[in-house]
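*Asks:* This is the structure I have questions about; it appears just below.
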Protein chains: 2
Amino acid sequence: MNSTTPASDVAALMTEMGRAARIASAHMAKASAAKKNKALKVLAALLRSHVDALKPANELDLARARHAGMAAPLVDRLRLDQKTLETCAQGCEQLAAMGDVIGEISGMIQQPSGIRVGQMRVPIGVFGMVFESRPNVTIEAASLAIKSGNACILRGGSEAIESNRALAALVQQALTAADLPPDAVQLVATTDRAAVGALITMPAFVDVVIPRGGKGLIERISSEAKVPVIKHLDGNCHTFVDDSADMAMAVRLADNAKTQKYSPCNATESLLVTVAAAPDFLPAIAAIYAEKGVEMRCCPQALKWVSGAAGAVVTAAVDEDWYAEYLAPIISIKVVADVDAAIAHINTYSSHHTDAIVTSNHVHAQRFLREVDSASVMVNTSTRFADGFEYGLGAEIGISTDKFHARGPVGVLGLTSLKYVVLGQGEIRA
Amino acid sequence: MNSTTPASDVAALMTEMGRAARIASAHMAKASAAKKNKALKVLAALLRSHVDALKPANELDLARARHAGMAAPLVDRLRLDQKTLETCAQGCEQLAAMGDVIGEISGMIQQPSGIRVGQMRVPIGVFGMVFESRPNVTIEAASLAIKSGNACILRGGSEAIESNRALAALVQQALTAADLPPDAVQLVATTDRAAVGALITMPAFVDVVIPRGGKGLIERISSEAKVPVIKHLDGNCHTFVDDSADMAMAVRLADNAKTQKYSPCNATESLLVTVAAAPDFLPAIAAIYAEKGVEMRCCPQALKWVSGAAGAVVTAAVDEDWYAEYLAPIISIKVVADVDAAIAHINTYSSHHTDAIVTSNHVHAQRFLREVDSASVMVNTSTRFADGFEYGLGAEIGISTDKFHARGPVGVLGLTSLKYVVLGQGEIRA
């Protein structure tokens, strides 16, 4: 199928995939941990043994991308080499090594009537995933679906379609080897855009959709979806240096949070510092930023303290800078009165992704944690740690900037739900 | 304002309410347990001291309802008498007596990098509630909002508008007395229907909408909302009697689950019984149903065993009966081969609300709990127990038949979210 396929055919195809996913999800939900882990281990082995076999399919995508004039760094993201596949295989093995949370029962407490009431963790059912470029997302999503006992329908970008197809075939081979339904992980084979429209509007078959890609993709899917969306919008993250901060630590953290890597969503984009801490802190961090070529967009007070750094690129910040997610060697810097002003600033301008305080003051630390309304709130560490692997989730299907259902890095737990379990000995309602 | 208000005025009003709610929610989120509990206790006292003062407003609603020819049982649901208000007051006091879950930190575990990662329970933010008839829902929603640290915007039905206004004024008085923002609980003063349309399409100001009313209302809101909806659709609940069931218990439970009250969503609407259990069980329960005037709609096999009951109203079930939520003295009855057939039937026809097994077989009980895909799964007790109060939630804002976010009875916990808390000692990402 291609972009000339009649819309009705795409709708029929998606309905068929949805129905198959729903049936497979019932099998996955009751599958034993042993079977699910076997599928993950077989998949890891297949990825390692197919490094060469995957090359022709991947080469088709790479050639098409080059032919279309795609920039070299973007072409690189499409590449499935030995290293990428080994990382995918290790991810599968890590998930296989984790305990199985499906069926876990918690909070079983006896009520006055005599019944005992608790909750059981169960899979959500079927998730849809819409993603761009990197084909290894196919393996990440598939492995999380398997571990969490869900079925999934994956829709990768047309730029990686050949690679995705080849990887999805390995996933289905692994499922079959573990006596699990291959339809538990289905890839949408058509590159027709109408398939996305269908995938996100089938509440009978799809319980949640997870878009992974640019902001445009995520906004479009959020506004058109008829099922819940786990969405990840901006990462405008803050590091706030409090009066009582250990200055060496503050400099180390502000450096790492901004410069360890510029492109991730958890990189710090805005630095806040109290009036009292500014004279010690700002010249020290400015020297580092200047050396690393990080442009500093400053409030008038901050300008005074950073301008002395040799080679510094310093400009006056405008209001948009406080909202900006640069994903580049640029940072906004603002001097604030105190922790109250810092919290107020963050709750106004932050994208509610990840924000950190550097402080030795216990009360300020507790207030920051409680009052900053972001998915991850941190004390004395780098915002760059906001990540499913660093949080011990085993794997991450995305980072949610929503408050509903899952917030922050989403791993296996974010793909589950809790149902009530009630155990009686014949009690009746009076 | 009334139904002739220009749409733009309603939109402006709702935007203003949304903005005020968002500001109030930030104060509520950091409010101490003491303040929130004080507001609840003051509200309880106000409800008791205003039994007479509330009468004129309530009488306006009652008179209008009678004038409009509303049926007497429906008019009764609008009544705010001493008993109704005392129940509301006790509900507020029960919530005040409960521990405060906001700020609770769980799962704080050290990761290999040295950071400790856990989760903190925080309010969702702002919820909207759209409800019909009973004005006491205003107090239930308001008290849950206060305890959970959320702000809310309430839109009751036009039939109870005077009562709702009077109750909302008491709530705002209680908030003020506890030094909390009165805008934390706002009632939409206009009966213009456009207000609902605005309320459910303001993601900037409203984090989740909870409709409470007929299926039509819930379906309409679900399809039009641009924010997540906690929805409660049908309650087609099953009681399944297994081979090994204690027959006296099975009869007692099947009786209670169906006949203790016919109208609630957690009443059993369909009875399943194994071939082996049918000869003992069905004649016994049929005698009770026949005596209580419960019509039995049976599969051919069940027909044989129930028809002997004196005075029984027995008919042959058609396929729609297995899907039906009667909310009336009618029950469908089907004989199934075994626990596998029962689970398959339930997962096909149930509305995923509440389903119970009566059994002495441990393996069957475990399989039923794990494999039946419903919000509440029960062993050896009455489906009528599926209720926030019976589950120990303190209060209930609704019952969710969704899997996303909250499932089953929704109390304070269902109005909260978990954010990540990360504690470091200066760790940086390598």
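The values are calculated or read from the model by the stated rules, or taken from the named source; none is laboratory data. Small disclaimer: the values here were computed from a predicted structure and weren't measured. When we count neighbours, we look across all protein chains shown, and the Cβ atoms used for this are built from the backbone with ideal geometry, even at glycine.
*Asks:* Mind listing whichever residues of region A:89-117 are away from chain B (no Cβ under 12 Å) and loosely packed, with under 14 Cβ neighbours inside 10 Å?
*Replies:* A:GLN90, A:ALA97, A:GLY99
*Asks:* Which residues, taken from region A:1-57, are β-branched (Val, Ile, Thr) and away from chain B (no Cβ under 14 Å)? Please lay out each step first, then the result.
*Replies:* Initial filter on region A:1-57 (β-branched (Val, Ile, Thr)): A:4-5, A:10, A:15, A:23, A:42, A:51.
Hits for region A:1-57 are A:THR4, A:THR5, A:VAL10, A:THR15, A:VAL42, A:VAL51.
*Asks:* Just need a number here: residues in region A:249-265 that are within 21 Å of the chain's Cα centre (by Cα) and either surrounded by 24 or more Cβ atoms within 10 Å (Cβ to Cβ) or under 15 Å from A:ALA312 (Cβ atoms) (or both).
*Replies:* Going residue by residue through region A:249-265, those that are within 21 Å of the chain's Cα centre (by Cα) are A:256-265.
Narrowing further to those that are either surrounded by 24 or more Cβ atoms within 10 Å (Cβ to Cβ) or under 15 Å from A:ALA312 (Cβ atoms) (or both): A:257-259.
Here the count works out to 3.
*Asks:* Taking region A:302-327 only, how many residues are loosely packed, with under 14 Cβ neighbours inside 10 Å, at pLDDT 95 or above and hydrophobic (A, V, I, L, M, F, W, C)? Before the answer, list the steps.
*Replies:* Kept after step one, since they are loosely packed, with under 14 Cβ neighbours inside 10 Å, are these residues of region A:302-327: A:308, A:310-311, A:315-316, A:318-320.
Okay, now just the ones that are also at pLDDT 95 or above, so A:315-316, A:318-320.
Narrowing further to those that are hydrophobic (A, V, I, L, M, F, W, C): A:316, A:318.
Count: 2.
*Asks:* Okay, next question. Answer yes or no as to whether B:ARG370 is within 10 Å of another protein chain (Cβ to nearest Cβ) and within 24 Å of B:THR87 (Cα to Cα).
*Replies:* Details: within 10 Å of another protein chain (Cβ to nearest Cβ): yes; within 24 Å of B:THR87 (Cα to Cα): no.
It is false that B:ARG370 is within 10 Å of another protein chain (Cβ to nearest Cβ) and within 24 Å of B:THR87 (Cα to Cα).
*Asks:* Picking from A:GLU325, A:GLU390, A:GLU427, A:GLU396, which residue would you name as being of a type outside the set (Ser, Thr, Tyr) and free of Cβ contacts under 8 Å to residues at least 12 places away in the same chain?
*Replies:* Selected residue: A:GLU390, the only one of A:GLU325, A:GLU390, A:GLU427, A:GLU396 that is of a type outside the set (Ser, Thr, Tyr) and free of Cβ contacts under 8 Å to residues at least 12 places away in the same chain.
*Asks:* Still on this structure, please answer the following. If B:ALA341 satisfies every condition in (1) over 20 Å from the mean Cα position of the chain (by Cα); (2) under 30 Å from A:ASP355 (Cα atoms) but one, which is the exception?
*Replies:* Failed condition: (2).
*Asks:* Would you point out the residue of region B:118-149, among those that are in a helix (DSSP H, G or I) and of a type outside the set (A, V, I, L, M), that is farthest from the other protein chains (Cβ to nearest Cβ)? Full working, then the answer.
*Replies:* Narrowing region B:118-149 to residues in a helix (DSSP H, G or I): B:136-148.
With of a type outside the set (A, V, I, L, M) added as a condition, the list becomes B:136, B:138, B:140, B:143, B:147-148.
On the way: B:ASN136: 21, B:THR138: 24, B:GLU140: 20, B:SER143: 21, B:LYS147: 17, B:SER148: 13 Å.
Within region B:118-149, the match that is farthest from the other protein chains (Cβ to nearest Cβ) is B:THR138.
*Asks:* Do you know which residues across region A:347-364 are within 26 Å of the chain's Cα centre (by Cα) and within 12 Å of another protein chain (Cβ to nearest Cβ)?
*Replies:* Result: A:ASN347, A:THR348, A:HIS352, A:HIS353, A:THR354, A:ASP355, A:ALA356, A:ILE357, A:VAL358.
*Asks:* Name every residue in region B:207-250 that is in contact with a Phe, Trp or Tyr (Cβ under 7 Å, 6 or more places away or on another chain) and more than 21 Å from B:ALA195 (Cβ to Cβ), in order of residue number.
*Replies:* B:ASN236, B:VAL241, B:MET247, B:ALA250
*Asks:* Pick from B:LYS231, B:LYS258: which is at pLDDT below 95, closer than 21 Å to B:VAL372 by Cα and basic (Lys, Arg)?
*Replies:* Values: B:LYS258 fails: at pLDDT below 95.
Answer to the selection: B:LYS231.
*Asks:* Could you tell me whether B:ALA276 is under 21 Å from B:PHE368 (Cα atoms) and either within 14 Å of chain A (Cβ to nearest Cβ) or under 19 Å from the mean Cα position of the chain (by Cα) (or both)? If you could, list the steps in order and put the result at the bottom.
*Replies:* On the way: under 21 Å from B:PHE368 (Cα atoms): yes; either within 14 Å of chain A (Cβ to nearest Cβ) or under 19 Å from the mean Cα position of the chain (by Cα) (or both): no.
No.
*Asks:* Kindly indicate which of A:THR348, A:THR359 is out of contact with any Pro (no Cβ under 8 Å at 6 or more places or on another chain) and either within 22 Å of B:ARG429 (Cα to Cα) or touching a residue at least 40 places away in the same chain (Cβ under 8 Å) (or both).
*Replies:* Values: A:THR348 fails: either within 22 Å of B:ARG429 (Cα to Cα) or touching a residue at least 40 places away in the same chain (Cβ under 8 Å) (or both).
Result: A:THR359 is the single residue among A:THR348, A:THR359 that is out of contact with any Pro (no Cβ under 8 Å at 6 or more places or on another chain) and either within 22 Å of B:ARG429 (Cα to Cα) or touching a residue at least 40 places away in the same chain (Cβ under 8 Å) (or both).
*Asks:* Same structure, new question: Look at region B:402-416 and say how many of its residues are part of a loop (DSSP other than H, G, I, E, B) and within 11 Å of chain A (Cβ to nearest Cβ). So that I can check it myself, show each step before the final result.
*Replies:* Quick first cut of region B:402-416, residues part of a loop (DSSP other than H, G, I, E, B) only: B:402-407, B:411-412.
Add one more test, that the residue is within 11 Å of chain A (Cβ to nearest Cβ), and what stays is B:402-407.
Adding up the residues that qualify gives 6.
*Asks:* Does A:GLY91 satisfy being over 25 Å from A:MET17 (Cα atoms) and at pLDDT below 95?
*Replies:* Values: over 25 Å from A:MET17 (Cα atoms): yes; at pLDDT below 95: yes.
For A:GLY91, the condition - over 25 Å from A:MET17 (Cα atoms) and at pLDDT below 95 - is met.
*Asks:* Next question, about the same structure. Strands (runs of 3 or more DSSP E) wholly in region A:274-390 with at least 1 residues that are among the basic types (Lys, Arg) - which ones? Lay out the reasoning, then the answer.
*Replies:* Working: elements: A:295-298, A:314-316, A:330-336, A:354-358, A:376-381.
Because the criterion is at least 1 residues that are among the basic types (Lys, Arg), the strands (runs of 3 or more DSSP E) in region A:274-390 that meet it are A:295-298, A:330-336.
*Asks:* Do we have any residue at all in region B:158-166 that's surrounded by fewer than 21 Cβ atoms within 10 Å (Cβ to Cβ), outside any helix (DSSP H, G or I) and modelled with pLDDT under 95?
*Replies:* The answer is no, given that none of the residues of region B:158-166 is surrounded by fewer than 21 Cβ atoms within 10 Å (Cβ to Cβ), outside any helix (DSSP H, G or I) and modelled with pLDDT under 95.
*Asks:* Working only within region B:38-88, note down all residues that are among the small types (Gly, Ala, Ser) and either assigned to a loop (DSSP other than H, G, I, E, B) or buried (at least 17 other Cβ atoms within 10 Å of the Cβ) (or both). Show your work before the answer.
*Replies:* Applying the first criterion (among the small types (Gly, Ala, Ser)) to region B:38-88 yields B:39, B:44-45, B:49, B:53, B:57, B:63, B:65, B:68-69, B:71-72.
Of everything in region B:38-88, those that are among the small types (Gly, Ala, Ser) and either assigned to a loop (DSSP other than H, G, I, E, B) or buried (at least 17 other Cβ atoms within 10 Å of the Cβ) (or both) turn out to be B:ALA39, B:ALA44, B:ALA53, B:ALA57, B:ALA65, B:ALA68, B:GLY69, B:ALA71.
*Asks:* Out of the residues in region B:375-401 that are among the small types (Gly, Ala, Ser), at the interface with chain A (Cβ under 7 Å from one of its Cβ atoms) and surrounded by 22 or more Cβ atoms within 10 Å (Cβ to Cβ), state the one that is farthest from B:HIS345 (Cα to Cα).
*Replies:* Within region B:375-401, the first condition is being among the small types (Gly, Ala, Ser), and the residues that meet it are B:375-376, B:382, B:386, B:388, B:392, B:394-395, B:398, B:400.
After this cut, where a residue has to be at the interface with chain A (Cβ under 7 Å from one of its Cβ atoms) as well, the list is B:375-376, B:382, B:392.
Remaining after also requiring surrounded by 22 or more Cβ atoms within 10 Å (Cβ to Cβ): B:375-376, B:382.
Numbers: B:ALA375: 16, B:SER376: 16, B:SER382: 19 Å.
Ranking the qualifying residues of region B:375-401, first place goes to B:SER382.
*Asks:* Ok, one more. List, please: which pairs have Cβ atoms under 7 Å, are six or more places apart or on different chains, and start with a residue in region A:369-382 that is of a type in the set (A, V, I, L, M) and end with one that is part of a loop (DSSP other than H, G, I, E, B)?
*Replies:* Listed by first residue and then by second, the contacts come to A:ALA375/A:HIS352; A:ALA375/A:HIS353; A:ALA375/A:THR401; A:ALA375/A:ARG407; A:VAL379/A:THR359.
*Asks:* Sticking with this structure for a sec: (1) within 33 Å of the chain's Cα centre (by Cα); (2) modelled with pLDDT under 95: which one isn't true of A:CYS299, the others all being true?
*Replies:* So A:CYS299 meets the others, but not (2).
*Asks:* If I ask for residues that are part of a helix (DSSP H, G or I), in contact (Cβ under 8 Å) with a residue 60 or more places away in the chain and loosely packed, with under 14 Cβ neighbours inside 10 Å, which ones from region B:1-22 would you list?
*Replies:* Step one: of region B:1-22, the residues part of a helix (DSSP H, G or I) are B:7-22.
Going one step further and asking which of them are in contact (Cβ under 8 Å) with a residue 60 or more places away in the chain, we end up with B:7, B:10-11, B:13-15, B:17-22.
Listed by number, the list holds a single entry, B:ALA7.
*Asks:* Collect the residues in region B:396-430 that are farther than 30 Å from A:THR239 by Cβ and of a type in the set (Ser, Thr, Tyr), keeping them in residue-number order. Talk me through it step by step, then tell me what you get.
*Replies:* Filtering region B:396-430 down to residues farther than 30 Å from A:THR239 by Cβ leaves B:396-415.
Within region B:396-430, B:SER400, B:THR401 meet the criteria.
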